[in-house]
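Accompanying notes for the structure given below.
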Amino acid sequence: NSDLRQLLDVLLKMDEHAKIVRRRGMNFSEFIELRRTDGKLPLFRIKFEGDVKYFYTDAELEQFVKSQEAAKGKELQLSEDEDIANGQNGNGKAVHAERIQVVELHESKEIEKTLDALEKRGLRPKDYFQNGKAGGAPRFRLQCEDAQVPLHSLSEILARITEFGRRGLVVQRYKGLGEMNPDELAKTTMRPDVRTLLRVTVGEAAEADRMFSILAGKDVERRREYIETHALEVKNLDI
């Protein structure tokens, strides 16, 4: 069913968004509630003097900083490091400059697109979450052959479908085709009607070389900076 497949793609993205937002120490449901009527989510989260605020544009953030500087009569510095924003350096020693911790929420734009896709299918963002009422009536029902499963949120669908799909299956993983027996190869890899081929391409050799130099080179600081910048964007990490 193409409609169901498209919905599952949207829900997979929602699950990925939820993981990223939680890694930032935020509640995903509460973050989605910050969505404005025009569909926009905050682009910045700031922490200053114990308060947390969200801003939707660079102009809003700039206006807030200027208002605080005017009220205090001095320039304030912006920092992504929580310790520094709280008045300490990396060694726990006090620093004198007053700072505002600013976190840019890079994922907001992609979450907006996913929420729009959800609404185009006649569903609401809040349908993704449990309504919090124990024993309440289910919002949806998932049917697979003769089985019907009541669901209280869209977030349950993926797990249930995975559960249905795994019935009677045995998952085996191989490092390479050489580990497979001839009969296993004949039933899987050698059958075009059941196998899936994925092509890996490198669009620009120069960019690939640059990334390899950063991640596998001897410049530790450069590698650390890259990892710190993109750590929250990682998916399917295999260690």
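At-a-glance table
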read-out	value
Burial ordering of Lys72, Lys218, Lys19, fewest other beta-carbon atoms within 10 Å first	Lys218, Lys72, Lys19
Helix axis angle, 58-72 relative to the chain longest principal axis, alpha carbon, degrees	30
Entries in Lys13/Lys126; Lys19/Lys113; Lys40/Lys113; Lys175/Lys218 that, when Cα-Cα distance is taken, lie over 21 Å	Lys175/Lys218
Degrees, to the nearest 10: 220-230 long Cα axis against longest axis of the chain	80
Distance between modelled label sites at Glu225 and Glu49, nm, 7 Å Cα→Cβ extension	3.4
Fully extended contour minus Cα-Cα distance, from Arg141 to Glu110, at 0.36 nm per residue	8.3 nm
Simple Cβ-charge dipole of the chain, Lys/Arg +1 and Asp/Glu -1, about Cα centre, in debye nearest 20	660
Proxy reagent accessibility, fewest Cβ within 10 Å first, across Leu177, Leu197, Leu118	Leu197, Leu177, Leu118
Principal-axis tilt of helix 108-120 within the chain, Cα atoms, nearest 10 degrees	50
Cut-off under 5 Å, modelled amide H: who pairs with Leu151 long-range	Arg139, Phe140, Arg141, Leu142
Prolate/oblate/rounded call for the chain, Cα gyration tensor, a/c under 1.5 rounded	oblate
Charge dipole (the stretch 2-126, unit charges on Cβ, about Cα centre) - positive-most of Phe28, Gln77, Leu7	Leu7
Fully extended contour minus Cα-Cα distance, from Val170 to Glu233, at 0.36 nm per residue	19.6 nm
Residues Tyr226, Tyr54, Tyr174 arranged by fewest to most Cβ contacts within 10 Å	Tyr174, Tyr226, Tyr54
Most to least packed among 64-70, 179-185 [average Cβ atoms within 10 Å]	64-70, 179-185
Sites Ala216 and Arg24, calculated FRET efficiency, Cβ-Cβ separation with R0 35 Å, nearest 0.05	0.80
Kirkwood Rh in Å, taken over all unlike Cα pairs in the stretch 2-126	16.4
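Bear in mind these aren't lab numbers, they're just calculated from the coordinates by the rules spelled out. A quick note: this is a predicted structure, and the numbers were derived from the prediction, not measured. Cβ coordinates were reconstructed from backbone atoms using ideal geometry, including for glycine residues, and neighbour counts include every protein chain displayed.
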